[in-house]
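The values are calculated or read from the model by the stated rules, or taken from the named source; none is laboratory data. Computed from a predicted model, the values in this text were never measured in an experiment. With ideal geometry, Cβ positions are generated from the backbone for all residues, glycine too; neighbour counts draw on all protein chains shown.
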Amino acid sequence: MSVFDRMLNTQALMFIYVVTGIIMAKTKILKHEGRSSFINLLLDITLPCMILNSFNVEISINELISAVKIMIISSVVIFISWLMAKVLWRKKSVNRRAVLDFSTMFSNAGNAGMPIVASVFGSEGVFYASFYLLPVRILIWTAGISLFVDEQDFRKKLIMLLKTPSVTVVFLGIALMFMPFELPRVLSTAIKNIGDMTGPLSMMIIGAALGESDLRSAFEKDAFILTAVRLVILPVVFMELLRLAGVEAILWEVTVVLIAMPAAANTEIFAEMYGKDYLFAARCVVVSTIISLVSVPVLTLLF
């Protein structure tokens with residue numbers, strides 16, 4: 001089965017999960033105040049388990065070298081995206097520019113990207129995606145959050161990075177790879193099964209957010225321009241650059257899929273928390289999420 005076929009099947013599944021989330025929100029099965037508990041379950045339990053399971057394998061020195069490569073690629077992607085954002089959005093208002101800059105630099109690679117990578121590329125893809133996301137998470141809580149907050153708040157927030165389970169579990173996973181023993185089968189099975197919940201759960205959460213949104217107000221010009229940059233221009237540009245650089249197929253394919261994810265879900269959270277244009281941020285997340293259900297499989301036709 002080709003990457004396109006696997007991605008199409010995966011996105012079809014994700015679409016079903018999203019629709020389920022929309023129905024849950026519309027019927028009040030999942031209320032707004034309850035969604036935060038689901039988000040915490042995703043970020044603190046299921047996603048870390050999925051990441052940890054990807055490290056519960058024997059790996060070679062070459063795979064470790066590739067992991068370092070993808071971390072370097074990740075850092076370069078964010079830096080180039082930052083430069084593009086400064087050019088593209090320089091004439092926008094300060095409040096809106098923070099949203100546009102952040103959304104250009106960071107996709108929803110963790111919440112939406114990891115489950116898709118797991119479905120399409122398996123545990124090998126999750127392994128490399130975990131390393132790709134290390135610089136992303138560090139830069140979100142440093143360069144990213146600095147777009148929204150003043151210097152004093154910025155320093156206070158750095159400590160939160162070390163408390164993020166999805167970051168700390170990577171170091172735990174690395175340690176696990178070098179241990180002279182394997183996890184008991186019942187424990188490794190439990191970790192895998194809990195991690196397998198990440199895909200359906202993350203998409204239902206996104207669907208619930210869409211179900212609470214007024215989709216008619218979401219469609220505005222800047223949100224569509226940002227979506228075109230986020231879902232088409234950036235992934236195509238980096239796909240060609242990585243191909244020309246001779247990067248291994250698995251590395252650039254995982255990278256491009258993660259880049260091609262919609263605007264990061266916490267864009268709206270940061271914007272609202274720090275007094276920026278959070279309504280516009282929500283529109284960017286909604287529009288890019290809906291369109292990504294189609295754009296990501298189409299993009300893989302270029303693989």
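Note on the stretch 44-65: among residues that are of a type in the set (A, V, I, L, M) and surrounded by fewer than 18 Cβ atoms within 10 Å (Cβ to Cβ), the one that is modelled with the lowest pLDDT is VAL57.
Going through (1) buried (at least 23 other Cβ atoms within 10 Å of the Cβ); (2) under 16 Å from the mean Cα position of the chain (by Cα) one by one, ILE78 falls short only on (1).
Out of ALA228, ALA282, one residue alone is assigned to a helix (DSSP H, G or I) and either surrounded by fewer than 22 Cβ atoms within 10 Å (Cβ to Cβ) or among the aromatic types (Phe, Trp, Tyr) (or both). It is ALA228.
For ASN108, the criteria (1) at pLDDT 90 or above; (2) of a type in the set (S, T, N, Q); (3) under 21 Å from THR289 (Cα atoms) hold in every case but one, which is (1). Taking the stretch 240-250 as the range and being of a type in the set (A, V, I, L, M, F, W, C) and farther than 25 Å from PHE102 by Cβ as the test, the residues that pass are LEU244, ALA245, VAL247, ALA249, ILE250.
Go through the residues of the stretch 117-126 one by one and say whether even a single one is of a type in the set (D, E, K, R), more than 17 Å from ALA67 (Cα to Cα) and either more than 17 Å from the chain's Cα centre (by Cα) or assigned to a helix (DSSP H, G or I) (or both). Scanning the stretch 117-126 turns up no residue that is of a type in the set (D, E, K, R), more than 17 Å from ALA67 (Cα to Cα) and either more than 17 Å from the chain's Cα centre (by Cα) or assigned to a helix (DSSP H, G or I) (or both). Test SER103 against the stated conditions and say whether it is in contact with a helix residue (DSSP H, G or I) (Cβ under 8 Å, 6 or more places away or on another chain), among the small types (Gly, Ala, Ser) and surrounded by fewer than 21 Cβ atoms within 10 Å (Cβ to Cβ). Here the answer is no, as SER103 does not meet what is asked.
Looking only at the stretch 210-266, residues that are of a type outside the set (Asp, Glu) and farther than 24 Å from TRP141 by Cα come to 28 in all.
Among the residues of the stretch 17-46, which ones are assigned to a helix (DSSP H, G or I), of a type in the set (A, V, I, L, M, F, W, C) and closer than 29 Å to VAL167 by Cα? Lay out the reasoning, then the answer.
From the stretch 17-46, those assigned to a helix (DSSP H, G or I) are 17-26, 32-46; that's our starting set.
Those left that are additionally of a type in the set (A, V, I, L, M, F, W, C): 18-19, 22-25, 38-39, 41-43, 45.
Residues satisfying the conditions are VAL18, PHE38, ILE39, LEU41, LEU42, LEU43, ILE45.
Selection of first residues in the stretch 221-237 that are under 16 Å from THR267 (Cβ atoms) and of second residues that are of a type in the set (D, E, K, R) and surrounded by fewer than 15 Cβ atoms within 10 Å (Cβ to Cβ), restricted to Cβ pairs under 7 Å at least 6 apart or on distinct chains, gives an empty result.
From the residues in the stretch 276-292 that are in contact with a Lys or Arg (Cβ under 6 Å, 6 or more places away or on another chain) and not hydroxyl-bearing (Ser, Thr, Tyr), which one is nearest to GLY113 (Cα to Cα)? Per the stated criteria, the residue is PHE280. Applying the condition of being surrounded by fewer than 11 Cβ atoms within 10 Å (Cβ to Cβ) and charged (D, E, K, R) to the stretch 156-185 and asking which residue is modelled with the highest pLDDT yields ARG185. Pairing residues of the stretch 251-269 that are free of Cβ contacts under 8 Å to residues at least 24 places away in the same chain with residues that are buried (at least 24 other Cβ atoms within 10 Å of the Cβ), at Cβ distances under 7 Å and at least 6 apart in sequence or on separate chains, gives GLU268/ALA281; GLU268/ALA282; GLU268/VAL285.
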